[in-house]
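Since the structure comes first, as structure tokens, the remarks are kept for the end.
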Amino acid sequence: LCVKHNLLIISDEVYENLYYEEHPVSVASLPNARSRTLVINSLSKTYAMTGWRVGYLCGPKEMIQNALKASQHSITCVAPFIQEAAGFALADSQMQQFASAMRDQYTERRTLVLRIAEDFVSDRLVATAPRGAFYYFLDLRKLGLDDNLICENLLMDAGVGTVAGSAFGKMGQGFIRMTIAASNQDVAAGFTKILEWVKKQ
């Protein structure tokens, strides 16, 4: 489709190393795609460098040159110590092992949430196992409540912070997003509080 209509592809691949089963294929590796694809990546997720705001852009040379021209007037330089940390994270083999171990912990928490959800047994909450990242997108549409209101009430009544699904587009209405980027104990406690709140609705 992109070749036919001469379209540029912008591929956000910041979660490339945080998949639990089948690893996705980069669109840039597909036939006739590399010359028209910009791949956006970040060290925020794989290397837990969220506050350091460092990432990279890959693509055809002429596109990168134009991107540099645009960025020079909108972004200042990344601090040297962050650049050094980013280079170390990408090149050091031990860092790859740490990243893999972190993914294993997310896998464990992903299973933990599913187990708690199965014990809860309710048709008013559906917890579908995520295929990647460190979030659950919980389906609460059967409550018949606005997802922003659900999040507000969860925060006020249960002390649990979540994000309204509608923040990610109209198809997210009625869903909430919770994270599993915390300890097993905190994930279990927070999710249990969500389930207990749902029971009362």
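Shape of the stretch 27-93 from its Cα gyration tensor (a ≥ b ≥ c, root eigenvalues): rounded if a/c is under 1.5, otherwise prolate when a/b > b/c, or oblate? Before the final figure, lay out each step's value.
Numbers: a/c = 2.44, a/b = 1.34, b/c = 1.83.
The shape class here is oblate.
For the chain, take the longest principal axis of its alpha carbons; what is the angle in degrees between that and the long axis of helix 93-120, to the nearest 10 within 0 to 90?
So the inclination is approximately 30 degrees.
How big is the antiparallel share of DSSP beta bridges in the chain, given as a percent to the nearest 5?
On the way: 14 of 18 bridges.
Of those bridges, close to 80 percent are antiparallel.
Taking Cα atoms, how many degrees apart are the long axis of helix 61-71 and the longest axis of the chain, rounded to 10 and kept between 0 and 90?
Helix 61-71 and the main axis of the chain meet at about 70 degrees.
For a quick check, take a GNM of the chain with Cα springs below 10 Å and name the residue from Arg141, Arg53, Arg109 with the largest mean-square fluctuation.
So, out of Arg141, Arg53, Arg109, the one fluctuating most is Arg53.
Counting only the heavy atoms of the protein chains, how much of Ile82 is accessible to a 1.4 Å probe, in Å² to the nearest 10?
My reading of the accessible area for Ile82 is about 20 Å².
Classify the chain as rounded, prolate or oblate from the Cα gyration tensor: take a ≥ b ≥ c as the square roots of its eigenvalues, call it rounded if a/c is under 1.5, otherwise prolate when a/b beats b/c and oblate if not. Intermediate values should be presented prior to the final figure.
Details: a/c = 2.07, a/b = 1.70, b/c = 1.22.
It comes out prolate by the Cα gyration axes.
Say the cut-off is 29 Å between C-alpha atoms; which of Lys4/Lys61; Lys45/Lys170; Lys45/Lys199; Lys45/Lys142; Lys61/Lys170 go over it? Before the final figure, lay out each step's value.
Working: Lys4/Lys61 22 Å; Lys45/Lys170 25 Å; Lys45/Lys199 33 Å; Lys45/Lys142 32 Å; Lys61/Lys170 36 Å.
Over 29 Å Cα-Cα: Lys45/Lys199; Lys45/Lys142; Lys61/Lys170.
Within the accessible area of the stretch 139-201, what % is carbon and sulfur when the probe is 1.4 Å and the other protein chains stay in place?
Numbers: 1850 of 3460 Å².
On the stretch 139-201, the fraction of accessible area on carbon and sulfur atoms equals 53 percent.
Taking 25 °C and 0.890 mPa s as the conditions, I'd like the Stokes-Einstein D for the stretch 1-52 in µm²/s, using the Kirkwood hydrodynamic radius from alpha carbon pairs. Write down the numbers at each step before the final one.
On the way: Rh = 12.4 Å.
Rounded, D is 198 µm²/s.
How far, in degrees from 0 to 90, does helix 184-199 lean away from the longest principal axis of the Cα atoms of the chain, to the nearest 10?
Once rounded, one gets 50 degrees.
Per residue, how much accessible surface does the stretch 1-145 expose to a 1.4 Å probe? Answer in Å², no decimals. Mind showing how you got there, number by number?
Values: 9560 Å² over 145 residues.
So the stretch 1-145 comes to 66 Å² accessible per residue, rounded to a whole number.
Provide, for q = 0.15, 0.16, 0.17 Å⁻¹, the log10 of I(q)/I(0) from a solvent-free Debye sum over equal Cα point scatterers in the stretch 112-201.
Ignoring solvent entirely, the Cα scatterers give -0.49, -0.56, -0.64.
Between exposed GluC sites (Glu not before Pro) in the chain, where DSSP calls loop and at most 16 other Cβ atoms lie within 10 Å, what's the longest gap?
Numbers: sites that count: Glu13, Glu21, Glu22.
That would be 23-201.
The values are calculated or read from the model by the stated rules, or taken from the named source; none is laboratory data. All values reported here derive from a predicted model rather than from experimental measurement. We place every Cβ from the backbone using ideal geometry, glycine too, and count neighbours over all the protein chains shown. For accessibility, only protein heavy atoms count, side chains too; no ligands or nucleic acids. Shrake-Rupley method; radii C 1.70, N 1.55, O 1.52, S 1.80 Å.
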